[in-house]
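The values are calculated or read from the model by the stated rules, or taken from the named source; none is laboratory data. Since this is a predicted model, take the numbers as computed values, not measurements. Cβ coordinates were reconstructed from backbone atoms using ideal geometry, including for glycine residues, and neighbour counts include every protein chain displayed.
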Amino acid sequence: MSKQLLFIPGPVTVAEPVLAAMGKPMIDHRGPEFKVLLESISRKLKPVFGTSGDVVILGSSGTGGLEAAMTNMFAPGEKVLCCPVGVFGDRFAEIARTWGVEVEVLPTAWGHGVDAQALKARLDADTKREIKGVILTHNETSTGVQNPMGPLADAIRAHGALVLVDSVSGLAASEFTMDAWGFDVVVAASQKALGVPPGISMVAISPRAWEKMATANAPRYYFDLRKAREFAAIGQTPATPPVSQCFAMDVALDRYAETGPANVWARHQRYTDGIIAAAETLGLELFAQPGVRSVTVTAIKVPAGIDGDAIRKTMRVERGYVLGGGQARLAGTIVRIGTMGDISQTDVLGMLGAFEMELLGAGLKIQVGSGVQAALRVFLEASQPSAA
């Protein structure tokens, strides 16, 4: 296929105006033009995070932002409570261990969200306040789970632990209120819901977090957030930034604001609802449980006897639709369908039609077109004006 549509957890299909911005002539990253650009990006990101605090820009993937958050906040030997719900939550915990931070894990079965009551009970039991931080995943692409962040924030608040959040695949796709929830460091990345090519991680930091960073003694250099803040104050970054991605990010944030955040959130929810309706109509089982299903990635279990990877290969090579597969122990057992990026309702319907054809070709007994029709009904119902 000459063109592919990315229905994966990221990177995503990028809109033409955002791609075009990357073709702008290079500018001096120590000059006045970049200062204006950096200040523009930081200002526009604050309402996306739901914060009035600082947002630091790093030239890295989301994982770099997560490592920066961990190494700047906690010293070797300090204890954190990690609450993973999949591969990337486990990765955040592994980053902590790598830097000598003591990690306790609050276990959650994959496909489920963190139990707020269990989290509160563990923190209530920490009467000596040995737990210095709680590590949360907002949206877990490996399992298609999105944690309800409000109840988790309520469960943590009385304890007073610092809260680090991986919102790499969640930010901008649904409402996020960092300050109201009392989160201290939130990490996101360019190549997800904002629809920018990879290369930028964004780290939002509370005043309380800056105070803690002043006492943390873990080694750091490239990912020194305090240094990044010092340079941001003069409109620069400590090291050479990905200037072209910054051009793209600025345009993407303008498009996000022009569309309206609530409309962007509704679009992600609508696409997800359509995909879920199609899957259920086709008799397919979803991996994530009701109530905690991601609006950016839907994980669908592969029926017994069906080769999910073969289906994904054919869809990519012959039909131009790229779907995600399972990771770690879920390899070969699920197909993951992303809803981020520059895709339309028509694109979603086309992808679902191709998916149906591949399932039929693989021997699954389905009513052809029923999944597409189920998704179309969701889209049509969402387009109807609500009654006064």
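Scan the range 336-349 and give yes if some residue there is in contact with a strand residue (DSSP E or B) (Cβ under 7 Å, 6 or more places away or on another chain), in a helix (DSSP H, G or I) and touching a residue at least 40 places away in the same chain (Cβ under 8 Å), otherwise no. Yes: one or more hits.
Number of residues in the range 100-122 that are of a type in the set (A, V, I, L, M, F, W, C) and either at pLDDT below 95 or buried (at least 20 other Cβ atoms within 10 Å of the Cβ) (or both) equals 4.
So in the range 313-335, with the set limited to residues that are β-branched (Val, Ile, Thr) and outside any loop (DSSP other than H, G, I, E, B), which one is surrounded by the fewest Cβ atoms within 10 Å (Cβ to Cβ)? The extreme case among them is VAL317. Filtering the range 62-104 to residues that are hydrophobic (A, V, I, L, M, F, W, C) and part of a loop (DSSP other than H, G, I, E, B) leaves PHE74, ALA75, VAL85, TRP99, VAL101.
Filter the range 201-243 down to residues that are β-branched (Val, Ile, Thr), out of contact with any His (no Cβ under 9 Å at 6 or more places or on another chain) and either surrounded by 20 or more Cβ atoms within 10 Å (Cβ to Cβ) or outside any loop (DSSP other than H, G, I, E, B) (or both), then give me how many there are. Summing the residues that are β-branched (Val, Ile, Thr), out of contact with any His (no Cβ under 9 Å at 6 or more places or on another chain) and either surrounded by 20 or more Cβ atoms within 10 Å (Cβ to Cβ) or outside any loop (DSSP other than H, G, I, E, B) (or both) in the range 201-243 gives 2.
Exactly one residue out of THR272, THR259 is among the β-branched types (Val, Ile, Thr) and either within 17 Å of PHE49 (Cα to Cα) or without any contact (Cβ under 8 Å) to a residue 12 or more places away in the chain (or both), and it is THR259.
Which members of the range 204-241 meet the condition of being closer than 24 Å to PRO47 by Cβ and among the polar types (S, T, N, Q)? The answer is SER206, GLN236, THR237.
If I filter the range 350-369 down to residues being farther than 18 Å from LYS301 by Cα and over 30 Å from the mean Cα position of the chain (by Cα), which single residue comes out as surrounded by the most Cβ atoms within 10 Å (Cβ to Cβ)? If we take residues in the range 350-369 being farther than 18 Å from LYS301 by Cα and over 30 Å from the mean Cα position of the chain (by Cα), then GLY369 is surrounded by the most Cβ atoms within 10 Å (Cβ to Cβ). Step by step: first the residues of the range 130-158, then only those that are assigned to a strand (DSSP E or B) and of a type in the set (S, T, N, Q), then the one that is farthest from GLN269 (Cα to Cα). Which residue is that? Looking at residues that are assigned to a strand (DSSP E or B) and of a type in the set (S, T, N, Q), I get THR137. Among the residues examined, ILE156 qualifies as β-branched (Val, Ile, Thr), without any contact (Cβ under 8 Å) to a residue 60 or more places away in the chain and farther than 30 Å from GLU16 by Cβ.
Table: residues versus (1) outside any helix (DSSP H, G or I); (2) outside the structural domain of ALA233 (by TED's automatic domain parsing); (3) surrounded by fewer than 20 Cβ atoms within 10 Å (Cβ to Cβ).
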site: ALA20; (1), (2), (3): no, no, yes
site: ASP28; (1), (2), (3): yes, no, yes
site: SER40; (1), (2), (3): no, no, yes
site: LYS44; (1), (2), (3): no, no, yes
site: VAL48; (1), (2), (3): no, no, no
site: THR51; (1), (2), (3): yes, no, no
site: SER60; (1), (2), (3): yes, no, no
